[in-house]
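The values are calculated or read from the model by the stated rules, or taken from the named source; none is laboratory data. As the structure is a prediction and not an experimental result, all values here were calculated from the model. Backbone-built Cβ (ideal geometry, glycine too); neighbour counts: all protein chains shown.
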Amino acid sequence: MSKPLIATNVQLKVKLHKGLKFRREDPQDLSNNDTLLVRDIGNVTEDSQVTFEYSLKPLSKLVEMEDIDIEQIKELPFQAQITYKALDGSKGMRVLTR
């Protein structure tokens, strides 16, 4: 608690490609067939860290998806959206896509 705050009311949303799923997450934080994670973080400092795990859905599920050609797919992108309230009271959002 000795580190100064960077932001408050921080919320993390992570959107996975439909071929991926989250692992070891509270089911209450997941939606959209386990591809959307929403986690309320609260206050953050420079030492704050957030982690999550994800994995490929079973091959049998991927084959059933009509809009995914598993022989052609080269990437399974995901996106993190971080919304927050800065110390000056302004609201912000940071979006990271990989």
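Some observations on this one:
- Restricting the range 21-37 to residues that are surrounded by 14 or more Cβ atoms within 10 Å (Cβ to Cβ) and modelled with pLDDT of 95 or more, the residue that is farthest from L87 (Cα to Cα) is K21.
- Hey, I6 surrounded by 14 or more Cβ atoms within 10 Å (Cβ to Cβ), under 17 Å from the mean Cα position of the chain (by Cα) and in contact (Cβ under 8 Å) with a residue 40 or more places away in the chain or not: no
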